[in-house]
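The next block holds one structure in the form of structure tokens; read it before the comments.
The values are calculated or read from the model by the stated rules, or taken from the named source; none is laboratory data. Predicted model only: the values in this text are computed from it and were never measured. Every residue, glycine among them, receives a Cβ derived from its backbone with ideal geometry; neighbour counts consider all protein chains shown.
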Amino acid sequence: MFTGLVCYQGKFIGLRKSRTELGLEVPEELAARLESGQSLAVDGVCLTVSRKEKNQLFFTLSRESLDRTNLKDYRPGKNVNLELPLRLNDFLGGHLVTGHIDGTGQVQEVKSRPPGKRLKIKVPAESRKYLVDKGSVAVNGVSLTVAALGPDWLEVELIPATLQATNLNELRPGDRVNLEGDIIGKYVYNFLSKKF
């Protein structure tokens, strides 16, 4: 479980072993806190460390992770958002984020909205059903509030602190982003849409 508050940034090294292993270069402080078998959110995707070499971490990717996320789009040197899992006594400053991506959206517009920016993202149908206006959404693992919502799009505001601490400041129209709706909303939607 995560909060969507990005603590670190790392750099994508590449995909290896027939695209089943993802490599990252991370800050030494973060590498020292992780061992094989532990979890880390990488642009919102919950991954398990399979091995570590100094400040490089490697993760085994499932077909589901590659199919459902934007990880296969990455190029070496890309900045990625990183978050350690939530501990039960941690301060919950964002919202509950599982690291289980619903799908990817595509950035349509990036507008300057001083002192920050506003993003418009095209949202696939499988993700749209979990979104509500002024509700929570994780975009590349960053906890954000839905500022506006349409039939197949959402907009979010990015404040200076978010732009400085995450890779959302690098987004351009056409980029794909990982989307995760609020877990409570998903359970409510599932319960109300079932016929028992």
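Hey, any hits in region 40-57 for a residue that's buried (at least 20 other Cβ atoms within 10 Å of the Cβ), in contact (Cβ under 8 Å) with a residue 24 or more places away in the chain, in contact with a strand residue (DSSP E or B) (Cβ under 7 Å, 6 or more places away or on another chain) and outside any strand (DSSP E or B)?
Within region 40-57, one or more residues are buried (at least 20 other Cβ atoms within 10 Å of the Cβ), in contact (Cβ under 8 Å) with a residue 24 or more places away in the chain, in contact with a strand residue (DSSP E or B) (Cβ under 7 Å, 6 or more places away or on another chain) and outside any strand (DSSP E or B).
In region 60-81, how many are closer than 18 Å to VAL97 by Cβ and either part of a strand (DSSP E or B) or without any contact (Cβ under 8 Å) to a residue 12 or more places away in the chain (or both)?
So the answer is 3.
Being within 30 Å of PHE191 (Cα to Cα), without any contact (Cβ under 8 Å) to a residue 40 or more places away in the chain and basic (Lys, Arg) is the filter here; which residues of region 105-130 pass it?
If the condition is that a residue be within 30 Å of PHE191 (Cα to Cα), without any contact (Cβ under 8 Å) to a residue 40 or more places away in the chain and basic (Lys, Arg), then LYS120, LYS122, ARG128 are the ones that fit.
For region 111-121, state whether one or more residues are outside any strand (DSSP E or B), under 17 Å from the mean Cα position of the chain (by Cα) and buried (at least 16 other Cβ atoms within 10 Å of the Cβ).
Checked region 111-121: no residue is outside any strand (DSSP E or B), under 17 Å from the mean Cα position of the chain (by Cα) and buried (at least 16 other Cβ atoms within 10 Å of the Cβ).
Identify, by number, the condition in (1) more than 19 Å from PHE2 (Cα to Cα); (2) assigned by TED's automatic domain parsing to the domain that holds LEU40 that VAL132 doesn't meet.
Here VAL132 meets the rest and fails (2).
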